[in-house]
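Enquirer: Dropping a structure here in structure tokens format, bear with me for questions.
The values are calculated or read from the model by the stated rules, or taken from the named source; none is laboratory data. This one's a predicted model, so the numbers in the text were calculated from it and none came from an experiment. Cβ coordinates were reconstructed from backbone atoms using ideal geometry, including for glycine residues, and neighbour counts include every protein chain displayed. Note: areas computed on protein heavy atoms with side chains; ligands, DNA, RNA excluded. Shrake-Rupley method; radii C 1.70, N 1.55, O 1.52, S 1.80 Å.
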Amino acid sequence: MLRRKYLQEFLIAVLAGMALYCVNISVVAGNSTYRYAIELWNYGREYLHVLYPFLFTAPFCWLLFFEKNGSYWKNVYNRTDLRKYIAKRILLSIGLSAFAMLIASAGSLAFAYIIAPSGRTLDFNPIVTYDFYGEYQLAHPVMYGLLLSCWRAVLAAAYAAFAIGVTMLTRNIFVSMTSAFVYSVLENFATAILQVPAWSICTSFYPNRLSGNVVTIPGLLAGPFVLLLLTAVLFICYRRKGMESVMD
């Protein structure tokens, strides 16, 4: 029964992400001029780069929250090693979050190629050539899309780990489910105020949001690195708190 619930939450995340991405791609196709399908896919990410920390973490945080704060883990404690059980649930949630993002991102890329012929085209060089690895995007669009989808899966996993860390320490369902989204908004705001938007995790998700000459590989790694550091702090706090957070 519990595995079925995790599968249901996984499908919810995939369908929500795919729906949001494909709707935006359709809007771009109908109202914009473009030359390549990769442009559709890039610019169709509108709203997804803001909402994905919520869409791909909240379903799994919901399950873990009620397992933790209900009586389920107390019953498990009498039948098996609770620490191993919790670790498996955490890893399962992180893995499913990453896989859901991979499917949604790669699936939307396929959708962009399906509807691309129906759009309007121009003869001049596309703007994408001035983006991060723009020439590579045009020469190998499918490979670029798959590589970026895999990277986005890593980002989704990082956000899932962070949100789960918050879930393990809180008894507030709202805080648990929105922690990743709130962090994303605050982090994007902070990097903008500090005038380092290239270091934002939002830029890591969508490198084309900035000019290609200011986006670098180290910059794309900076945001996820900070997020993982904060996640490590959360789990250290949970480890110090120990089973009291589960059994009280």
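Enquirer: Using only the alpha carbons, work out the radius of gyration and Dmax of the range 139-246 in angstrom.
Expert: Rg then Dmax for the range 139-246, in Å: 15.8, 55.
Enquirer: May I ask for the equivalent-ellipsoid semi-axes of the chain, computed as the square root of five times each C-alpha gyration tensor eigenvalue and listed largest first in whole Å? Before the final figure, lay out the partial values.
Expert: Numbers: eigenvalues 274, 79, 35 Å².
Semi-axes (√(5λ), whole Å): 37, 20, 13.
Enquirer: Related question: Give me the Kirkwood hydrodynamic radius of the range 150-196 in Å, from all C-alpha pairs, to one decimal place?
Expert: Working: mean 1/r = 0.0865 Å⁻¹.
Value: 11.6 Å, from the Cα pair sum.
Enquirer: Of the peptides 162-170, 207-215, how do they stack up when ordered by the mean number of other Cβ atoms within 10 Å, highest first?
Expert: Values: 162-170: 23.7, 207-215: 16.3.
The packing order, highest mean first, is 162-170, 207-215.
Enquirer: Still on this model: How far apart, in nm, are the 7 Å Cα→Cβ label points at residue 217 and residue 135?
Expert: 1.7 nm
Enquirer: Hey, another quick one. With +1 on each Lys and Arg Cβ and -1 on each Asp and Glu Cβ, and nothing else charged, work out how big the dipole of the chain is about its Cα centre, in Debye to the nearest 20. Before the final figure, lay out each step's value.
Expert: Details: 19 positive and 11 negative charges, 227 e Å.
So the magnitude is around 1100 debye.
Enquirer: I need the phi-derived Karplus couplings for the range 212-223: 6.51 cos²θ - 1.76 cosθ + 1.60, θ = phi - 60°, integer Hz, Gly and Pro marked x.
Expert: Each residue's phi maps through the Karplus curve to give x, 7, 10, 8, 10, 4, x, x, 5, 8, 5, x Hz.
Enquirer: Just to verify a number: FRET efficiency for residue 233 and residue 147, C-beta to C-beta distance, R0 = 30 Å, to 0.05?
Expert: Details: r = 30 Å, r/R0 = 1.00.
In this case the efficiency is close to 0.50.
Enquirer: Also: Given a Förster radius of 30 Å and the C-beta distance between residue 50 and residue 15 as r, what FRET efficiency does 1/(1 + (r/R0)^6) yield to the nearest 0.05? Before the final figure, lay out each step's value.
Expert: Numbers: r = 18 Å, r/R0 = 0.61.
Once the sixth-power term is evaluated, E becomes 0.95.
Enquirer: Going by average Cβ neighbours within 10 Å, how do the peptides 231-239, 137-145 rank, with the highest at the top?
Expert: Numbers: 231-239: 14.7, 137-145: 17.0.
Top of the packing list down: 137-145, 231-239.
Enquirer: Another question, if that's okay. Using a 10 Å cut-off on Cβ atoms, rank the peptides 195-206, 35-46 from the highest mean neighbour count down.
Expert: On the way: 195-206: 20.7, 35-46: 22.5.
Top to bottom by mean Cβ count within 10 Å: 35-46, 195-206.
Enquirer: How much of the accessible area of the chain, in percent, comes from carbon and sulfur atoms when a 1.4 Å probe is used?
Expert: Working: 8500 of 12510 Å².
C and S fraction of accessible area: 68 percent.
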